[in-house]
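Inspection log for the structure reproduced underneath, given as C-alpha cells.
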Amino acid sequence: MSRETHMLPVWFFIGVLLTIYGVIIFVTALVDYSQPTAVVLAKFHPGLFGGVFLLLIGGFYAFWFWPGRRKNR
Amino acid sequence: MTLTLLAASAVQQSATRLISLSPADILIIVIYFVMVLGIGIYLRSYANTSNDFFMAGREMTAWVAGLSFLSANLGALELMGWAASTYQYGILAAHFYWIAAFPSMVFLALVMMPFYYISKTHSVPGYLRLRYNEATRALSGISFACMTVMMSGINMYAMAIVMKVVLGWNIHFSIWVSSLTVAAYVTLGGLFSAIFNEVLQFFLIWLGVLVVPILGMIEAGGWTGLVLKIHQRVHSDDYVHLWKTLGTFSGNPMGVHWTGIVFGLGGAIACGYWTTDFLVVQRAMAAKDLRSAQLAPIIASYFKMIVPLIVILPGLLALAVLPYRLVPESAAGPGMHSYNEVLPLMLARYCGPGLLGLGVTALIAGFMSGMAGNVSAFATVWTYDIYQPYIRKWETDAHYLKVGRWCTILGVLLSIGTAYFVTQFQSIMDYMQALVSFFIAPLFGTVITGMMWRRATPKGGFWGLLAGTGSSIAMYTLVKIKPAYLAVIALSPNAKDMAENLYRALWSLIICVLVTVAVSLFTTPRPANELVGLVYGYSGIPTDRSLPIYKRPVFWACGVAIFFVILQWIFW
C-alpha cells in the first residue's frame, strides 16, 4: 500500500473548510436578512446563496473524501 | 517586535480603510490561518526525506499537481495587478492569460516535460548541469535564487500595502503574520505542504472573488450593457477588443503591436516563464508519473483560460459601474483611489458580512500561495544547486533535509528584508517586471536549444545565457539613459513601457540562441552517450499510444487549443 493511501487527501481539507465557511456565511446572511448591509444589489441576498453554494461544494468534498469512507472504497 | 504588539498596532490603524470587517469576516480569516497551519503540522510526518521535502515524494496526482501549478502563479500581484491593468488597458490584459499561457503550457507538457521528468533532475538549473555544465547551472541557479527572493518580497510588500489601504492593517503586522505562517507550514511539510495549501488556496481565490463578476454582470446588464457603459465612460471601443486594435502601436491603450504580443509575450516571456521558471515547473515535476506530469500543465491551462473571469472581468466592470474614476498610484491624493485598489473596491461594493471575509481571505490566500511557491522553489534550488555542489558535497540525506528546512526560513527572512527594502525605494517595484525578463527569457533560449539541438555545447550554453541576460540588462539601461532608444528596441516611437518589456524579452531570447549556436559551432560538444535522456534524438521518450485517446495528454491539449481559438474569436 503506498504512502499516499494513508495520507488524508487535500480534497477532504477543502471540503471541511468550505463547509465551515458555508455555515458561517449562511448564518450571517440569515441574521442580516431583515436589514441587509448597504451594498450594491443587497436585495438579492448573495450571502444566502453563497452560503448554500459553499455548503453544497464543501459538503460534497467532505463526504466523498471522509477518511473512514475512503478506506471502505 | 512581538506578535502582540503587532496585533495591537494593527487594530489602531483604521483611520483611512476602505472596508470594515464584521466579526464573521474576522472569524473566516482566523479559521483560514488555523487550517493552513494545521495542514502543515499534519504533513510534517510525511516529509522525512529530501525527496519528500523538495519534490513531495513525486507522488502527486495530475489534478493536484495541475491546480498547484496554477495556484503558485496566482499570487496577490497577479490578482490585483491584472485587475488594475484591465482598468487601465482594457481587455488587452487578457492576452496575459490566453496567448501568454495556453501555447507555452502545452509546449511544456508535450515537448519539454518528458526531458525534465526522465532525466530525474530536481530542478531546472539541475537539468542545465546535466545538459551543459556546472558553470551554466551556477549562473542560472544564483540568478533564479536572487530573482525568487526579490519577487517574494515585492509580493509581500504589495500585499501589505493593500491590507493597509483596504483594511487599515499595519504594514508590519501584515508582513510578519502572513510570512511567518507561510514559513511555518512550508518548513514543516515542505513541498507536500506548499502544494496542499496551494490547492486549497485555489478554491478560496475562486470562491472568494466569484461574487464580483456575477453581481457585476447583473448590475451592468450583461455583456452588451457592460460594453455600452464602457463606451459611454471612455468614448472608445479600444477597451473591449483583443486583437482589432493591435494593428498599430498608437491604436490601443497598451501602446503595443500584435507582433509584440505574439512573439514577445507568447513566444519569449510566456515560454520562458511557464517552461523554465522553477517556481511553477517544480509542481509538475512532483507528479507521480510522466503522464501526470504532462497533464498537470494542461489541466492548469484550462483553468488559466478562465481566470480572466475573476481578474479581467472585475477590472472591466469597475470601468463600467464605479461612479468615480481611478487614477495611477502616483496621482492618488486624499479621497482618491488608485488602479491597484480595483479588486478590493469591487469586493466592498458587492459583499456583505461573511462574503467580504471570504473575499479578503481570497486575497490573503493569493499572496500566501505565491509566496509559498517562491520560498519552496528557493529552498530547492539553493540546497540542490548551490549548497550541495559548492558548499557541502557529500552529506547525508538527513543533512540536506535539515538544510532545506533552514533555507525555507532563510528564504522568508530574505523576502521580508526585500519587502522592507522596497518600502524605502518604491520605484523598484516598477523594475521587477523588467527583472523577470532579464533572467527568464534567455533561460528559455538556453534550455530549449539544449533540448532540441544535439550540437549545443557546454560553452555555447553558458555564453548564450550570459549574453542573453547581459543584452537584456543593457537594453533596459540604454532606454533609461536615452529614452529615444525605445523606438529602436520596441520598433516604434509610440511604444509604451509594456511594449518595451515584450520586445526586449524577444531580442534577448534571439541573442541567447544566436550566441549559443555560434559558440557551439566552434567548441566541442559532449559525447552522445552523455546526452541520453536529455536531448531530442538521443532519448527514448515513453510512448502513450497504448492508452485510450481520451487519456493521452495530446487529446486534452487539442481541447484547450479549441477553447483558446473560440475565446479569441468571441473577443476579437
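Which ³J(HN,Hα) values, rounded to whole Hz and listed in residue order, are derived for the stretch B:240-249 from phi using the Karplus coefficients 6.51, -1.76 and 1.60 in 6.51 cos²θ - 1.76 cosθ + 1.60 with θ = phi - 60°, glycine and proline given as x?
10, 10, 7, 10, 4, 9, 8, x, 9, 5
Neighbouring Cβ atoms within 10 Å as the yardstick, rank B:Tyr324, B:Tyr339, A:Tyr21 fewest first.
By the 10 Å Cβ count, ascending, the order reads B:Tyr324, B:Tyr339, A:Tyr21.
Aspartates and glutamates within cross-link reach of B:Lys551: Cα-Cα under 20 Å, excluding same-chain residues under 8 positions apart?
B:Glu59, B:Asp289
Could you sort B:470-480, B:348-358 so that the peptide with the highest average Cβ count within 10 Å comes first and the rest follow in order?
Listed from highest to lowest mean packing, they are B:348-358, B:470-480.
How high is the relative contact order of the stretch A:9-72, in percent, with contacts defined as C-alpha pairs under 8 Å that are six or more residues apart?
53
Averaged across B:32-44, how many Cβ atoms of other chains sit within 10 Å of each residue's Cβ atom?
2
Using the Karplus equation 6.51 cos²θ - 1.76 cosθ + 1.60 (θ = phi - 60°), what ³J(HN,Hα) coupling, rounded to whole Hz, does each residue of the stretch B:346-352 give in order, writing x for Gly and Pro?
3J(HN,Hα) across the stretch B:346-352, in whole Hz: 5, 5, 5, 5, 10, 9, x.
Which listed residue (B:Phe378, B:Leu355, B:Phe202) has the Cα farthest towards the positive end of the charge dipole for the protein assembly as shown, taking +1 on Lys and Arg C-beta and -1 on Asp and Glu C-beta about the Cα centre?
Looking along the dipole axis, the top candidate is B:Phe378.
Which value, in debye to the nearest 20, gives the size of the charge dipole of chain B about its Cα centre, when Lys and Arg are +1 and Asp and Glu are -1 at the Cβ?
Dipole size: approximately 860 debye.
Let me confirm one metric for peptide A:27-38, namely the mean number of other chain beta-carbon atoms within 10 Å of its residues' beta-carbons.
3
Run through every distinct alpha carbon pair of the protein assembly as shown and return the Kirkwood hydrodynamic radius in angstroms, one decimal place.
Radius from the Kirkwood sum: 25.2 Å.
Taking the beta-carbon count within 10 Å as an exposure proxy, list B:Cys146, B:Cys512 from fewest neighbours to most.
With the fewest neighbours first, B:Cys146, B:Cys512 line up as B:Cys146, B:Cys512.
Work out from phi, with θ = phi - 60° and the Karplus expression 6.51 cos²θ - 1.76 cosθ + 1.60, the ³J(HN,Hα) of each residue of the stretch B:395-411, listed in order in whole Hz, and give x for Gly and Pro.
9, 6, 4, 4, 5, 5, 4, 5, 4, x, 5, 5, 5, 4, 5, 4, x
Relative contact order for the stretch B:13-146: what percent, with Cα pairs under 8 Å and sequence separation of 6 or more?
That works out to 8 percent.
Would you pull out the residues with amide H under 5 Å of B:Gly168's amide H, same chain only if 5 or more places away, H placed 1.01 Å from N?
When sequence neighbours closer than 5 places are left aside, the close amide H contacts are B:Leu18.
In what order do B:Ile364, B:Ile161 fall by count of nearby beta-carbon atoms within 10 Å, going from fewest to most?
B:Ile161, B:Ile364
List the residues, sorted by chain then number, that are 5 or more residues from B:Val327 or on another chain and whose placed amide H is less than 5 Å from its amide H.
B:His337, B:Ser338, B:Tyr339
A 28 angstrom limit on the alpha carbon distance is what I want to check against. Which of B:Lys164/B:Lys402; A:Lys43/B:Lys229; B:Lys244/B:Lys304; B:Lys120/B:Lys402; B:Lys120/B:Lys393; B:Lys164/B:Lys496 exceed it?
B:Lys164/B:Lys402; B:Lys164/B:Lys496
Students often forget the sequence filter, so: which aspartates and glutamates lie under 19 Å Cα-Cα from B:Lys482 once same-chain residues fewer than 8 apart are removed?
The reachable aspartates and glutamates, counting only those whose Cα sits under 19 Å from B:Lys482, are B:Asp430, B:Asp497, B:Glu500.
Bear in mind these aren't lab numbers, they're just calculated from the coordinates by the rules spelled out. As the structure is a prediction and not an experimental result, all values here were calculated from the model. Don't worry about glycine lacking a Cβ; one is built from the backbone with ideal geometry, like all the others, and counts go over all protein chains shown.
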